[in-house]
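Comments concern the structure below.
The values are calculated or read from the model by the stated rules, or taken from the named source; none is laboratory data. Computed from a predicted model, the values in this text were never measured in an experiment. Please note: Cβ atoms are built from the backbone with ideal geometry, for glycine as well, and neighbour counts cover all protein chains shown.
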There are 2 protein chains.
Amino acid sequence: MPALFEKHRPLLEQAIAAARSRANWSAYPESQSPKIYGEDAKANADNAFEALKGKPFDLPGHPGGKHVGGEVSPYGFALGVTYPQAEVDVLVAASKAAGAKWGAASPEERAGVLLEIIARINRASFLMAHAVMHTSGQAYSMAFQAGGPHAQDRALEAVAYAFDEMSRVPGAVRWSKQTGKDQVTTLDKTFRIVPRGVALVIGCATFPTWNTYPGMFASLATGNTVIVKPHPGAILPLALTLGIAREALAEAGFDPNVVLLAPDTIDRPLTKELALHPGIGIIDFTGSPVFGAWVRENAKGKLVYTEEAGLNSIVIASTDNFRAMATNIAFSLTLYSGQMCTAPQNIFVPAGGIETDQGHKSFDEVADAIKSGIDKLLADPDRASAFLGAVQSEATAQRVKEAAKLGRVVRSSDSPVYSAAPGARTASPIILAVDAADEPAYMAERFGPISFVIAVRDGGDGIARAAAAARQHGAISAALYATDEATIDRAIGAFAEAGVTLSINLTGGVFVNQNAAFSDFHVTGANPAGNACLTDAAFVSNRFRVVGTKRQVAA
Amino acid sequence: MPALFEKHRPLLEQAIAAARSRANWSAYPESQSPKIYGEDAKANADNAFEALKGKPFDLPGHPGGKHVGGEVSPYGFALGVTYPQAEVDVLVAASKAAGAKWGAASPEERAGVLLEIIARINRASFLMAHAVMHTSGQAYSMAFQAGGPHAQDRALEAVAYAFDEMSRVPGAVRWSKQTGKDQVTTLDKTFRIVPRGVALVIGCATFPTWNTYPGMFASLATGNTVIVKPHPGAILPLALTLGIAREALAEAGFDPNVVLLAPDTIDRPLTKELALHPGIGIIDFTGSPVFGAWVRENAKGKLVYTEEAGLNSIVIASTDNFRAMATNIAFSLTLYSGQMCTAPQNIFVPAGGIETDQGHKSFDEVADAIKSGIDKLLADPDRASAFLGAVQSEATAQRVKEAAKLGRVVRSSDSPVYSAAPGARTASPIILAVDAADEPAYMAERFGPISFVIAVRDGGDGIARAAAAARQHGAISAALYATDEATIDRAIGAFAEAGVTLSINLTGGVFVNQNAAFSDFHVTGANPAGNACLTDAAFVSNRFRVVGTKRQVAA
């Protein structure tokens, strides 16, 4: 067994077991504790981030004559980092060349190298936090967790699924059959895992690592080489990732071009050229439904895995913990200014109000409790920054500004000023009250901190409307508050049919936005929010093929 | 556990183990022995087949006002059987309605019913042999084996893979996490297997059961309902299959419309209308590359699995058993008149001849040895019938007639007359000698008993050309004869890269045409001969999705 595989094998086995049991498990600590990451880890990362600014990013040996890059931190300054850019043909050729040895390596060899890469990425989590924060706009703590350990867990999960899947194919078997009265024919059969070729992974601006790692590591583990096309606004986290990966690959004796960066700019995007290149066999895409549809329809003959977007709903039918429910929902709406793919947008509440542990609450009282929850979270702007973070794009900020006309304003959005980053682009959640009939307002994705409290007939009506929205427009999350089992059963059936994970009665420290690696199937692939789940067996099993050899054994 | 599942569980577990080990295993005996199938089985089936002729086929409760059908046996008579035909909208609606209960059943319930169905199909193997023989043209013995037990093995294999894949998803788990200093949040999570919806399986005329069962049973096992669209020339084997399945489904308390037949005629084909219907979520297709390409390009947003066709090659570099090699190849070319998707077409032989255990053999001597092998097999027309069978379509017979102009005729085709079926449409193999440069002749699929012996520079040249043909046009099988390890290694690498299973030095009772269930990965999905393998994890894992529910447990 290869040494790196032996080194990381216990972790891989734990990961495979975790994905089977789906109980709470994580490989990489989400705590920033110096006891885990080292006394100097944070300070060193602060310095390392400053040193990266304003310079060409160093990716030794990476093809590309010129450097491009125009990232601007949502916290109000230009990063000034540039990255080597090669023509698409050059990238694909370099990727193919690197693929000969990588594709011929054993699943164990590849898993060993990949787990070493993830371990090194883990050690760089504080620097990654800066990179993710200043591209996505996430608050530092969230950037550390979601961009660091949680993303690393997803990478490990992809390797675990891929390894598990490949392990089910035996390398060799002796096959014998009576083929005549006095004749037995014996064949020595071998089965070789063969990759698809070159994989393209198209990243997004809001979760540049968390959403990119599953496809990237799934393709790598199954023997494909990978070209990463980051969002032009969030290149740095993936450049850091690839720098670490390329170094580890070279140390292990592989061509570092097994992973390549394809940075582009908003003025001259490369994504379509890459996606249509005949040398690309697999595409993983995270981004808008419009571009997702383009990829799905135009990348003919390629394997395409997409995570797009949808209309996530909460249905409030009744609750036995009104206060905690409002706080929980308020947090979900506030976290990263509603820029998570799992953030709720539509909250269905009976027009006549609901029964609660505090007695009957009217529609307005429910809406107001959520508003108050947000107000409380954001009362102190500097504390607010840790929840809200910054708004990734100007388009989202603009969308929030224009949202007030979509309904009766329950809570208006403002732009808190953070003392540590006065130039940050910020927007607190706007909440609008509408009637169920106002579909043009709420039956479209309003990406960002925009939500609707929608008056419906009753809980069942809310469930039906939320499930229909998921079927038609897609959804990645859904939540229900209800105290009676009949309503809960109804919701379970309706959302299962609509292909949405349903969270029920969340009032504690878990939020509808959160999908845990190794436990939750993130995106189901069963509604328009995406055609695949990150990560399950179907996400990995088609990235490789098996080619057999049958050799007759002399009688 | 459901009773039917318990009844068939040992067999299912054996099948799962066999698919893992890939050693020789079969669930359903390929021997026609009365000890296995019963003393009267064959005679009863003969009578049953006669009773089916010239009548409407009885499928109780099947939708469809009118009856259609125009099958003509390649052995020279019209079957005269007609089948209920419903409009596409009616079929899809009936399938959806049946899907509610079928999709909600547990994987165990479904597996139990499906294994019961396969067991009953097995008991009908003699009748199935008649149905397959008189639609595909296969000889009776082959129709019994390939259309009966071997096809049933493939069905079981699909159920085994699907069940294994679904078993990896736990039904429920309790998930707990420290979510605050003094807070643990606990969620009860459940995971529900959700089908894609309605699956369409498009059958072919040459292997109506063997090629249809994998997609059909994979979709059924994962909770989808299935509409089977047989080739208009080979409806009866699938009508028999569905008749048995519908009866068993009804007995188990399910709507028999879980499986539906969509017969059509050459004059009014229904395939495109079915494939484009928005209610169809999965399509399995076996047939020509032209129609396969149409399905792949037009069935947008659906899961599409195809087995199309390709250029299968044999490369002869050297041999230590010249006589047995020639006999083995002769049999491969003769079996079912070259109408297997695995039948070789192109035989690459060095222009300067090869070294053998009988000394040097010239190019012409190699070609002649193969010709002689065929002549010997076919010397007695009545014995010949057992190997050749009949030619399924007039187009193939015509293609053979026109093939002589494609090269120098090494062996000409004739039409043996079988005393038991003087009206059979027959064609013995034609062999043409060509130069490697004559690509227009041999670099296109010539479906039927047409093969080329192609003069190449040496074994390496042959390997390169055969592998290139596979990459460009697809291939499902490849064979090599070579005595030196360097040539063997070269071929293993080249055909692995081209995504073709390679058979080496077959001189015994196994032929390059044969792919064994539970052992060989039939079609790799890695070249244009098909986009999927029948059957592997990737063939089943995307036919269902997993939808989770997370319910907070009171602290």
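In the set (1) out of contact with any helix residue (DSSP H, G or I) (no Cβ under 6 Å at 6 or more places or on another chain); (2) at pLDDT 95 or above, the condition left unmet by B:G171 is number (2). The set of residues from the range B:396-437 being assigned to a strand (DSSP E or B) and within 23 Å of B:G373 (Cα to Cα) comprises B:R408, B:V409, B:V410, B:R411, B:Y418, B:I430, B:I431, B:L432, B:A433, B:V434, B:D435. Among the residues of this structure, A:T225 counts as one that is at pLDDT 95 or above and touching a strand residue (DSSP E or B) at 6+ places or on another chain (Cβ under 7 Å). Return yes or no: is A:V90 in contact (Cβ under 8 Å) with a residue 12 or more places away in the chain and buried (at least 24 other Cβ atoms within 10 Å of the Cβ)? Judged against the criteria, A:V90 is not a match.
Quick check on A:I492: is it without any contact (Cβ under 8 Å) to a residue 24 or more places away in the chain and in contact with a Ser or Thr (Cβ under 9 Å, 6 or more places away or on another chain)? Considered against the rule, which asks whether it is without any contact (Cβ under 8 Å) to a residue 24 or more places away in the chain and in contact with a Ser or Thr (Cβ under 9 Å, 6 or more places away or on another chain), A:I492 comes out as yes. In the condition set (1) more than 14 Å from chain A (Cβ to nearest Cβ); (2) in a helix (DSSP H, G or I); (3) over 30 Å from B:V391 (Cβ atoms), B:P440 is compliant with all but (3).
Looking across B:F452, B:F447, B:F495, one residue alone is touching a Phe, Trp or Tyr at 6+ places or on another chain (Cβ under 6 Å) and either of a type outside the set (S, T, N, Q) or modelled with pLDDT of 95 or more (or both). It is B:F452. Considering B:V159, B:V184, B:V194, B:V169, the condition of being surrounded by fewer than 24 Cβ atoms within 10 Å (Cβ to Cβ), in contact (Cβ under 8 Å) with a residue 60 or more places away in the chain, of a type in the set (V, I, T) and not in a strand (DSSP E or B) is satisfied by B:V169 alone.
Where helices (runs of 4 or more DSSP H) fall entirely within the range B:211-311, those with at least 2 residues that are hydroxyl-bearing (S, T, Y) are at B:213-221.
Residue by residue, here is whether (1) crowded, with 20+ Cβ neighbours inside 10 Å; (2) farther than 22 Å from B:L311 by Cα; (3) among the hydrophobic types (A, V, I, L, M, F, W, C) holds:
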| site | (1), (2), (3) |
| --- | --- |
| B:A367 | yes, no, yes |
| B:K401 | no, no, no |
| B:A424 | yes, yes, yes |
| B:A436 | no, no, yes |
| B:A441 | no, no, yes |
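Can you find a residue in the range B:168-188 that is closer than 23 Å to B:V540 by Cβ and hydroxyl-bearing (S, T, Y)? No, every residue in the range B:168-188 fails to be closer than 23 Å to B:V540 by Cβ and hydroxyl-bearing (S, T, Y). For the range A:65-81, name all the residues that are touching a residue at least 40 places away in the same chain (Cβ under 8 Å) and touching a strand residue (DSSP E or B) at 6+ places or on another chain (Cβ under 8 Å). Listed by number, the residues that qualify are A:V68, A:G69, A:G70, A:E71, A:V72, A:Y75, A:G76, A:L79, A:V81. Please note which strands (runs of 3 or more DSSP E) are completely contained in the range A:466-555 and include at least 1 residues that are over 30 Å from A:Q152 (Cβ atoms) and not β-branched (V, I, T). Per the criteria, A:478-481, A:544-552. Residue-level analysis places A:G69 among those that are more than 21 Å from A:F126 (Cβ to Cβ) and surrounded by 14 or more Cβ atoms within 10 Å (Cβ to Cβ). Kindly indicate which of B:T342, B:T334, B:T319 is within 22 Å of B:G474 (Cα to Cα), in contact (Cβ under 8 Å) with a residue 24 or more places away in the chain and over 18 Å from the mean Cα position of the chain (by Cα). Exactly one residue qualifies, and that residue is B:T334.
Filtering the range A:257-275 to residues that are more than 18 Å from A:A98 (Cα to Cα) and surrounded by 24 or more Cβ atoms within 10 Å (Cβ to Cβ) leaves only A:P263. Restricting attention to the range B:472-488, does a residue exist that is more than 9 Å from chain A (Cβ to nearest Cβ), in contact with a His (Cβ under 9 Å, 6 or more places away or on another chain) and among the β-branched types (V, I, T)? Checking the range B:472-488: at least one residue is more than 9 Å from chain A (Cβ to nearest Cβ), in contact with a His (Cβ under 9 Å, 6 or more places away or on another chain) and among the β-branched types (V, I, T).
Does any residue of the range B:222-233 turn out to be free of Cβ contacts under 8 Å to residues at least 40 places away in the same chain, among the β-branched types (V, I, T) and in contact with a Ser or Thr (Cβ under 8 Å, 6 or more places away or on another chain)? Among the residues of the range B:222-233, at least one is free of Cβ contacts under 8 Å to residues at least 40 places away in the same chain, among the β-branched types (V, I, T) and in contact with a Ser or Thr (Cβ under 8 Å, 6 or more places away or on another chain), which makes the answer yes. In the condition set (1) among the aromatic types (F, W, Y); (2) under 21 Å from A:A97 (Cβ atoms); (3) within 14 Å of another protein chain (Cβ to nearest Cβ), A:F254 is compliant with all but (3).
Take the conditions (1) more than 8 Å from every other protein chain (Cβ to nearest Cβ); (2) closer than 30 Å to B:T507 by Cβ; A:R174 misses just one of them, which is (1). Picking from residues in the range A:280-325 that are among the aromatic types (F, W, Y), farther than 30 Å from A:I374 by Cα and more than 11 Å from every other protein chain (Cβ to nearest Cβ), the one that is surrounded by the most Cβ atoms within 10 Å (Cβ to Cβ) is A:F285.
In the set (1) aliphatic (A, V, I, L, M); (2) under 21 Å from A:M340 (Cβ atoms); (3) away from chain B (no Cβ under 14 Å); (4) assigned to a helix (DSSP H, G or I), A:I454 fails one condition alone, (4).
Looking at B:A275, B:A293, just one residue is out of contact with any Cys (no Cβ under 8 Å at 6 or more places or on another chain), among the hydrophobic types (A, V, I, L, M, F, W, C) and in contact (Cβ under 8 Å) with a residue 40 or more places away in the chain, and that residue is B:A275.
Summed over the range B:520-554, residues that are at the interface with chain A (Cβ under 7 Å from one of its Cβ atoms) and within 30 Å of B:Q183 (Cα to Cα) total 7. Residues considered: A:S21, A:S26. Of these, the only one that is hydroxyl-bearing (S, T, Y), surrounded by 15 or more Cβ atoms within 10 Å (Cβ to Cβ) and within 14 Å of chain B (Cβ to nearest Cβ) is A:S26. The set of residues from the range B:495-519 being under 19 Å from B:T334 (Cα atoms), at the interface with another protein chain (Cβ under 7 Å from one of its Cβ atoms) and either in contact with a helix residue (DSSP H, G or I) (Cβ under 6 Å, 6 or more places away or on another chain) or among the polar types (S, T, N, Q) (or both) comprises B:S503, B:N505, B:L506, B:T507.
For every residue, the table says whether it meets (1) crowded, with 23+ Cβ neighbours inside 10 Å; (2) out of contact with any Cys (no Cβ under 7 Å at 6 or more places or on another chain); (3) at positive phi.
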residue: B:T507; (1), (2), (3): no, yes, no
residue: B:G525; (1), (2), (3): yes, no, yes
residue: B:T535; (1), (2), (3): yes, yes, no
residue: B:V547; (1), (2), (3): yes, yes, no
residue: B:R551; (1), (2), (3): no, yes, no
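Being at pLDDT below 95 and either away from chain B (no Cβ under 14 Å) or in a strand (DSSP E or B) (or both) is a description that applies to A:T179.
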